[in-house]
Every structure is written in C-alpha cells, then in structure tokens.
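What follows is a single structure, written as structure tokens, with notes after it.
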Amino acid sequence: MAGYQIRDEMNDIEEAPGKLWFWELEEAVIDADRCVQCGACIAACPSDSIGIGADGLPKLVKMCTGCSLCWDFCPRGGLRHEATWSLPVAGSDGAAWKITGATGAGQGLGRVSETYTARVRPRLPGAQDGGVVSALLIALLEAGDIDGALLARESPTEPWKGEPFLARTPGQVVECAGSFYNQTLALAALDLSGHDLPPQPRIAVVGTPCEVEAIRAMQARPWTWGASRVDAVALTVALLCTKSFNYEKLMVTEVQRRRGIPLEQVGKVDVIHGRMIVEDTGGQVLVDEPVRDFHGAALKGCDECADFLGHAADLSVGSVGSEDGWSSVLVRTPTGRVAFERVRERLELRDLDREEALHKLDALDRKVALRSLKRPFDPSAPLFIDFADHLDGYTGTDRAPVPRDR
C-alpha cells in the first residue's frame, strides 16, 4: 500500500502536518528509475535510517521519522537543482563573481572569475586529461589545507567499478587518478567516523554536479545530519558531466559481453569529443564509438540535469574546451580561487582554448533537460519543491511515481 495509507493505519494517531516519508522518495525517484545515485538522501537523513541496498540504491534500513529531508535534498526530488547555482558563497565580493556569457536563454558559464586551459608537469601517473584535479589535491594535502579528499577508486572486487574513497595522502590521490563513469553514492561516505581525522576535519569532495548541488544546498540550509559531516566539506570540485552510467549496463553488458572485452584487460575509459574510448592496459584502443551508442546504459535521471558545467561548485574541471591532454578549469568562488593558488605554480596555464565548446555542450545538455523535466525549470525559484507540486508535474508521464503494494 502507499505511504500515506500506512500513516493512516499507524496506531490510529493523526499525523502531524508536513510529514513526508522515505516511501515518497522511493516511489517518485528510486522506483521511477530516476535516481542518480548521488547519496544525498543518505547524507541528509538525521536518524541514519537510509543505507545502501543490495542493488546499490538507497534503502530504508530502520524506522523513518518522516522528517522529509531525504526528499528535500534529492536533486531529482525536492531539490530544485538549478536554484543551487545562485546560493551565496562565502567570501564573495560581488563584482568579481559575475555571471559570464549569460544570455536570455541561459546562464552562460555561470559564476566564474577565472578560466584556464591547464595541465600539470611532470604528468602524474594515471591522471585524466591534464591531471589538474590530482595536482590540486596533492598541493592542498601537502599544505595542510585539507585532511582528506573524497574521490572514487576502483572496487577491489569488481573491475572498473568506482567506489567512494577518502584519500588522506598524496600517494592515495595518485592511486585514485582517472575517471569512473558510474555513480558511487559518494555522499553516503560523508560519515567520517571510521577515519582518524581531527575533531573539525576539512575535506575536499570531487564529484558530479548533482553531488555538489546537494552539498551546497545542505550547507546553505544546515541541520543535524546524523553521522554525515556535511560541515566538513571545505572545497567542492565538479567534474564536467553530461551523464553517468549504470555499472552493470555499461561495463559488464556493453563493454564485456557485447564487445567481448574482459574487464581485466581494460586500462583506461574516457569520453572525449562525444566518443567513448576504451583502451587496454598497454594503451591500445579497444573501443572508439559515439557515446550515443551507450545511452541505454546511462542513468535515466541524468536526462533531467541542466548542470553540465557544475555551477554550484568552487571549481569546475573537465576536458571539454581544451586540447587533448589538457583540462579546462573554471574558478567559481573565493574558496576555489584560494585553492587554485596552491597549485598554480605546478601547472602550465593559458587562456581557455575554446570557451564556445563549453557553451555548445551546455546548450545541448540543457535542451535535453528541458525536454525531460516534467516541472518548470527556474533558477530563481525557491530551493525546494513540494511533493504535491512534483506529483502535479510527473503523474501520467514516463517518469511518474511507481506506487508499491506494501
């Protein structure tokens, strides 16, 4: 039976107004195949009632209190993801942090002060593109500015499956270099209790734009987050992203089964210029196909995201807009600028090669999002979306909530 029916039957007690339960999130996002596997619901739960199920998706593991926070901070649920782009940032001086390249139809690059094409020299082993993110984190760790960095590393049991990992040393950062194209429920790893950290730790988070949006929103609307240390996130780095993939569908089905490539032979996976590139451990190209050939493996919820550029982050980094072997860097906040200064002397820098390439892919990404979203897209609207309003927009569509027989 639906969540609201369960409430009516619980002890014959009239429910307090405003209650919203994990069941609503489950039906509207998870069961509707719209979950982007960011882990925001797990991080936001003040009673630590949400864990990870055997299917790798959020699951209720103990009694839900109906606080609604899992819904509120879900980028495909109650969080209006585009409203996070203009949330105030600490230390902003106004004039320097302007919206650049904006038009009547969009936000341009968003809130930025500096843009670069960059690469680190000497090159770090295994680093993606210009190696800027790895070099940045190493510099911050060596300076004592952060106590760790939440990254993705390869699962010890499933080849080429990313899992969240808190890197504490430069060597661990290097071990995590490179990209995985599955989401990892990274924000669930903001429970730092298993790590030997200072009482007031400072960590960097490198992740997808949706993960950064959720962090920005939770920090802007602070609450008691249970075991999760959202307050410990001192720096966010968004990786330019059009979509993430389901691991089983991408690596196991598409790469291993359909293309006959054992995952143990894969040395690198990358998406460059709209093409999926898979190389073996010796650098030989095994797959070079349009990324559209793999769209069936993409997370359906990614279609609703208009944030290719990582507007809510302190720094945005990716390959689009720069020559091969280099990274495009967008410095978005004062925090991002201070962090970037730590690594500047280790980088080769020049003006951003092709800003127009960023605008072009951002426009395409937004076009898909506006077609997929079943609610109004409005960066100036309130941060949170009422569940009733969500139902009004999504009921009767291909993304409608899926009621469960409970």
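Odds and ends about this structure:
- Within the stretch 270-311, being of a type in the set (Phe, Trp, Tyr) and within 18 Å of Leu370 (Cβ to Cβ) holds for one residue alone: Phe308.
- Each residue in the stretch 159-202 was checked for being polar (S, T, N, Q) and not in a loop (DSSP other than H, G, I, E, B), and 2 pass.
- Residues being over 17 Å from Ala238 (Cβ atoms), surrounded by 20 or more Cβ atoms within 10 Å (Cβ to Cβ) and either at pLDDT below 95 or of a type outside the set (Gly, Ala, Ser) (or both) - total across the stretch 167-176: 1
- Taking the conditions (1) part of a loop (DSSP other than H, G, I, E, B); (2) of a type in the set (Gly, Ala, Ser); (3) modelled with pLDDT under 95; (4) under 23 Å from Tyr247 (Cα atoms) in turn, Gly325 satisfies each one other than (4).
- All of Lys367, Lys374, Lys360 fail the test of being among the charged types (D, E, K, R), without any contact (Cβ under 8 Å) to a residue 40 or more places away in the chain, in a loop (DSSP other than H, G, I, E, B) and at negative phi, apart from Lys374.
- Residues in the stretch 180-208 that are crowded, with 17+ Cβ neighbours inside 10 Å and small (Gly, Ala, Ser) were compared, and the one that is farthest from Leu141 (Cα to Cα) is Ala188.
- Number of the condition not met by Asp55 [criteria: (1) of a type in the set (Asp, Glu); (2) within 15 Å of Glu213 (Cβ to Cβ); (3) part of a loop (DSSP other than H, G, I, E, B)]: (2)
- Boolean, Glu254 is at pLDDT 95 or above, farther than 23 Å from Pro334 by Cβ, not assigned by TED's automatic domain parsing to the domain that holds Val36 and not in a loop (DSSP other than H, G, I, E, B): yes
- Number of the condition not met by Thr65 [criteria: (1) touching a Lys or Arg at 6+ places or on another chain (Cβ under 8 Å); (2) modelled with pLDDT under 95; (3) not assigned by TED's automatic domain parsing to the domain that holds Val269]: (1)
- Qualifying residue in the stretch 218-235 (condition: in contact (Cβ under 8 Å) with a residue 40 or more places away in the chain, crowded, with 23+ Cβ neighbours inside 10 Å and either in a helix (DSSP H, G or I) or out of contact with any helix residue (DSSP H, G or I) (no Cβ under 8 Å at 6 or more places or on another chain) (or both)): yes
- In the stretch 298-348, the qualifying residues are those that are in contact with a Leu (Cβ under 9 Å, 6 or more places away or on another chain) and among the acidic types (Asp, Glu), and the one that is surrounded by the most Cβ atoms within 10 Å (Cβ to Cβ) is Asp314.
- Any pair with Cβ under 7 angstrom, 6 or more apart, that starts in the stretch 118-134 at a residue that is not assigned by TED's automatic domain parsing to the domain that holds Glu323 and ends at one that is assigned to a strand (DSSP E or B): none
- Filtering the stretch 377-394 to residues that are touching a Lys or Arg at 6+ places or on another chain (Cβ under 6 Å) and either at pLDDT below 95 or assigned to a helix (DSSP H, G or I) (or both) leaves Gly393, Tyr394.
The values are calculated or read from the model by the stated rules, or taken from the named source; none is laboratory data. Computed from a prediction, not measured in an experiment: that's the story for all the values here. Please note: Cβ atoms are built from the backbone with ideal geometry, for glycine as well, and neighbour counts cover all protein chains shown.
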